[in-house]
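One structure below.
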Amino acid sequence: MTISNITYTQQGDYLLPDLKLPEQKNLEIGIFGQRHKIYFLNHHKIRYYNLLTSCKLAEYLANVDNRANDMFASLVKQIAENENITEQLKAENPMLWIQRVNNIRNRATEIVNNEIIYT
């Protein structure tokens, strides 16, 4: 049965519209995008659902994820250069190098979380 160019399916005594979402790009959303999604859902529900219903949420989250990954890589590189974390240190004392790089990555993650993810 068709009413007003909308197709309906009969379910018992009710006519339910056949709703279909438009085709969307298949975007990869990484860890930063997933974190922002959870934060966004918990703290900005109206904006989250507006993006979701307009089929723009995946694109938005992919953009946030890309910005966060770029910032993270840049911060890790800058901090490592400032603290003289070199390949020579890696060759001479691998455990110390791992400790320092992990420390840098944790600090960079905290900065990215504060600047992009949880804002």
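Miscellaneous remarks
- Looking only at segment 49-64, and only at residues there that are of a type in the set (A, V, I, L, M) and buried (at least 17 other Cβ atoms within 10 Å of the Cβ), the one that is farthest from residue 23 (Cα to Cα): 64
- Residue count for segment 21-56, restricted to those that are under 27 Å from residue 109 (Cα atoms), at pLDDT below 95 and of a type in the set (D, E, K, R): 2
- Residue in segment 58-68 that is touching a His at 6+ places or on another chain (Cβ under 6 Å), in contact (Cβ under 8 Å) with a residue 24 or more places away in the chain and closer than 30 Å to residue 100 by Cα present: yes
- Criterion (under 25 Å from residue 118 (Cα atoms), out of contact with any Cys (no Cβ under 8 Å at 6 or more places or on another chain) and not in a helix (DSSP H, G or I)) met by exactly one of 16, 41, 52, 27: 27
- Annotation: residue 46 fulfils all but one of (1) within 30 Å of residue 118 (Cβ to Cβ); (2) surrounded by 10 or more Cβ atoms within 10 Å (Cβ to Cβ); (3) of a type in the set (Val, Ile, Thr); the unmet one is (2).
- Qualifying positions in segment 65-119 - surrounded by fewer than 12 Cβ atoms within 10 Å (Cβ to Cβ) and not in a helix (DSSP H, G or I): 84, 119
- Within the option set 37, 25, 56, being touching an Asp or Glu at 6+ places or on another chain (Cβ under 8 Å) and of a type in the set (Lys, Arg) holds for one residue only, 25.
The values are calculated or read from the model by the stated rules, or taken from the named source; none is laboratory data. This is a predicted model, so every value here is computed, not measured. Neighbour counts run over all protein chains shown; Cβ positions are idealised from the backbone, glycine included.
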